[in-house]
1. Criterion first (among the aliphatic types (A, V, I, L, M), modelled with pLDDT of 85 or more, in a helix (DSSP H, G or I) and out of contact with any Cys (no Cβ under 9 Å at 6 or more places or on another chain)) does A228 satisfy it?
2. Could you say which residue among D122, D159 is in the same structural domain as N36 (by TED's automatic domain parsing), in contact with a Gly (Cβ under 6 Å, 6 or more places away or on another chain) and at pLDDT 85 or above?
3. Filter region 151-174 down to residues that are free of Cβ contacts under 8 Å to residues at least 40 places away in the same chain and over 13 Å from G97 (Cα atoms) and give me whichever is nearest to the chain's Cα centre (by Cα).
4. Among the residues of region 76-95, is any among the hydroxyl-bearing types (S, T, Y), assigned by TED's automatic domain parsing to the domain that holds D149, modelled with pLDDT of 75 or more and not in a loop (DSSP other than H, G, I, E, B)?
5. Please specify each residue of region 183-222 satisfying the condition of being surrounded by fewer than 16 Cβ atoms within 10 Å (Cβ to Cβ) and at pLDDT 85 or above.
Amino acid sequence: MKNNKIAILDSSLGILANEKFVRENINEYFDFYVDNEGSRFGNYKDLDFLLARWDELFKASYKQVLISDFDLAFQAYGILDEVTLGIESFIEDAKSGKNLYLSSRNFKDRLSYKGLIIKKDDLLDATLLANAVEDGIFQGNIIDKILEDLFSFDMDAYDKVYLLSSNLVLIKDQIEKKLQANNFHGQVKTSIEFLEREANNFKKSIKKSTGPKNFLITGIRPDFYIPAEDYLKTSKPLTVRSYDFGRGKENFLKTLDAIAKGLDRAIEQMGLIDARLEDENASKKSKKENRGDIFTNQK
């Protein structure tokens, strides 16, 4: 039986990308899943890994699963469209103007989406910047230095800049400041803008939940809530519960078991091979000795 809630999934702090959105909705319509055990999806994990995670949430009977990170969502676009809401409106928005895209390293593998073609020259690998945010660095010399290296060119030619990694949205102000210093006069757009459009549509048909305020974390909880509370500047601790993608773990254990059995079979085969080699060597030795006896007798 489907419940009336939506699951929002991210692999990192980027789920906090829109503070107002989170604060207004976390107790009302949504469960927030931070899969930091597999962080960061956009940089390191392949699609098979992601599909197993999403499938687990669908099994939990959510009305809808939304991806808050477009680096992540684009990997599934066209395969699991039901979890990539907001991308259609993003594509239409991005078809106009001269645009620059900040993403993680995996994004470069897919550059064409239903009429939207992203040129490699318009794509910046912002992995280092996203990872700095993941480590709880939201400002200071490290961020400034990465931005300086990333934007070492004039931005006057661009109309829009898209922050595809949700982590980057947490430092949108710093990015905008650097862009303006590089002669950028356009708009900085984020995935959360398009996600909110879709989420607001769902709100109209969803009954409010009275459940507890929870972030559900798959990895080490302090790795999330310490920098999250720092970013939100909240005096009230976040309620963070552990969540176990049990099915994923079960599959992982099955995989380990299969590997172990495979090794056992390999070892057994090696034993048989060794035994066969010993028999063959013994046979060859015996034949050689017999030939030696024949030669000796002939003398």
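1. It is true that A228 is among the aliphatic types (A, V, I, L, M), modelled with pLDDT of 85 or more, in a helix (DSSP H, G or I) and out of contact with any Cys (no Cβ under 9 Å at 6 or more places or on another chain).
2. Matching residue, one of D122, D159: D159.
3. Quick first cut of region 151-174, residues free of Cβ contacts under 8 Å to residues at least 40 places away in the same chain only: 151-154, 156, 172-174.
After this cut, where a residue has to be over 13 Å from G97 (Cα atoms) as well, the list is 151-154, 172-174.
Numbers: F151: 25, S152: 28, F153: 29, D154: 31, K172: 20, D173: 24, Q174: 24 Å.
The selected residue is K172.
4. yes
5. Residues satisfying the conditions are N183, H185, Q187, I220, P222.
The values are calculated or read from the model by the stated rules, or taken from the named source; none is laboratory data. Nothing here was measured: the structure is a model prediction, and the numbers come from that model. In this analysis, Cβ positions are derived from the backbone assuming ideal geometry, glycine residues included, and neighbour counts consider all displayed protein chains.
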